[in-house]
1. Taking segment 21-49, which residues are among the hydroxyl-bearing types (S, T, Y), in contact with an Asp or Glu (Cβ under 9 Å, 6 or more places away or on another chain) and either free of Cβ contacts under 8 Å to residues at least 12 places away in the same chain or closer than 17 Å to R60 by Cβ (or both)?
2. Show me the helices (runs of 4 or more DSSP H) found entirely inside segment 1-72 where at least 1 residues are loosely packed, with under 12 Cβ neighbours inside 10 Å.
3. What about A70, is it within 13 Å of the chain's Cα centre (by Cα) and either assigned by TED's automatic domain parsing to the domain that holds Q113 or at pLDDT 85 or above (or both)?
4. Do you know which of the residues in segment 75-107 that are part of a loop (DSSP other than H, G, I, E, B) and basic (K, R) is nearest to L52 (Cα to Cα)?
5. In this structure, is L129 modelled with pLDDT of 85 or more and not polar (S, T, N, Q)?
6. Only one of (1) in contact with a Pro (Cβ under 9 Å, 6 or more places away or on another chain); (2) in the same structural domain as A30 (by TED's automatic domain parsing) is not met by V88, so which one is it?
Amino acid sequence: MQAYPAVSPPSDDKRWRIVEGTMRRHGRQADSLIEVLHTVQESFGYLDQPSLQFVARSLRLPYSKVFGVATFYHFFTLKPKGLHTCVVCTGTACYIKGSPALLRSVEETAQIQPGETTPDNQVSLYRLLRTGARSRVRWRDLRPGATRRHGPAHAKVAAP
């Protein structure tokens with residue numbers, strides 16, 4: 001097995017030890033990329049460019065491959081999320097029942113677009129085609145759904 005020089009983490013932050021542990025546990029193999037990216041995101045909240053470069057160098061992968069994986073999978077984020085996350089369902093059923101008005105209302109109130117976070121990092125807004133809450137709601141009772149991180153899905157939400 002060929003020895004590779006050690007790669008220094010982007011900072012002295014102790015959370016990098018957790019990331020290093022994950023890479024060590026997987027033998028710094030390229031096929032551990034998704035697991036390592038999960039660990040970075042769990043530790044820091046998002047994947048920034050220095051983090052992706054560190055992972056690429058540590059796993060001996062091209063940066064383009066690491067960046068490609070990080071942007072392909074929806075569960076990875078390249079920007080910090082707000083303290084509160086609002087996800088508005090824009091699937092067909094929700095759209096018919098008024099989700100565009102709900103989404104506009106949240107956009108106007110928070111002054112952000114889907115995929116953005118308020119400048120004070122309090123609220124992030126996302127649009128989703130299906131929240132999964134529909135299976136518990138009868139069609140005639142259906143209104144757009146919205147969810148928030150660390151909270152329940154709310155069906156039958158209407159714009160003010």
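1. Within segment 21-49, T22 is the sole residue that qualifies.
2. Working: elements: 15-25, 33-44, 49-58, 63-72.
Filter on segment 1-72 gives 15-25, 49-58, 63-72.
3. yes
4. At the first step, the residues of segment 75-107 found to be part of a loop (DSSP other than H, G, I, E, B) are 75-83, 90-91, 97-98.
Checking the rest, the ones that are also basic (K, R) come to 79, 81, 97.
Numbers: K79: 13, K81: 17, K97: 41 Å.
Top of the filtered list is K79.
5. no
6. (2)
The values are calculated or read from the model by the stated rules, or taken from the named source; none is laboratory data. Given the structure is predicted, the values throughout are model-derived calculations rather than measurements. Note that we place each Cβ from the backbone using ideal geometry, even for glycine, and neighbour counts take in every protein chain shown.
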